[in-house]
Amino acid sequence: MSRRARKAAPTTAGADRCTVTVCRGCCCGTPKIPNVDHAAQLAGLRRALEDTAQVRVTDCLDACEQANVIVVQPSAAGRVAGGRPVWLGLVNDLDATDDIATWVRSGGPGLADPPGVLDLYAFTPSRRIRQAVES
């Protein structure tokens, strides 16, 4: 895992739509994860969610063993309904990216159940890592 200093993530409190954070640091989005079209993955998410969610790219999320990592943060309504950020790892195929986009378009965390296959990608990062991204 990377030990690089982190910048504080912008808060999404009060956001009226989901935020999808795509890691593109240390390992994610690099040749360290071969046979993945990283540019197509990001472009597909941006295209699929352009009117639905904010898609942002961040440097290393420090969960390198799970590369490629995507974090789906709920909208304000989703948070009120009990939704919490969902960390997805090993997102290394376009079908998984499509499933994420479909879920977010349906409302995302707190408002819509994710497709069952996304359970295979969900993981819980350490508290230190979660706090750096979710605060």
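Alpha-carbon geometry of region 19-134: the Rg and the Dmax are 13.0, 39 Å, given in that order.
Using a cut-off of 12 Å between beta-carbons, work out the net charge of the residues near Trp103 (Lys and Arg +1, Asp and Glu -1, Trp103 not included).
Values: positive: Arg105; negative: Asp98, Asp99, Asp113, Asp119.
Charge balance near Trp103 sits at -3.
DSSP beta bridges confined to region 19-134 are antiparallel in about 65 percent of cases.
None of the figures in this text is laboratory data; all of them are computed from the coordinates on show. Treat the numbers as computed from the prediction; the structure is a model and nothing was measured. In this analysis, Cβ positions are derived from the backbone assuming ideal geometry, glycine residues included, and neighbour counts consider all displayed protein chains.
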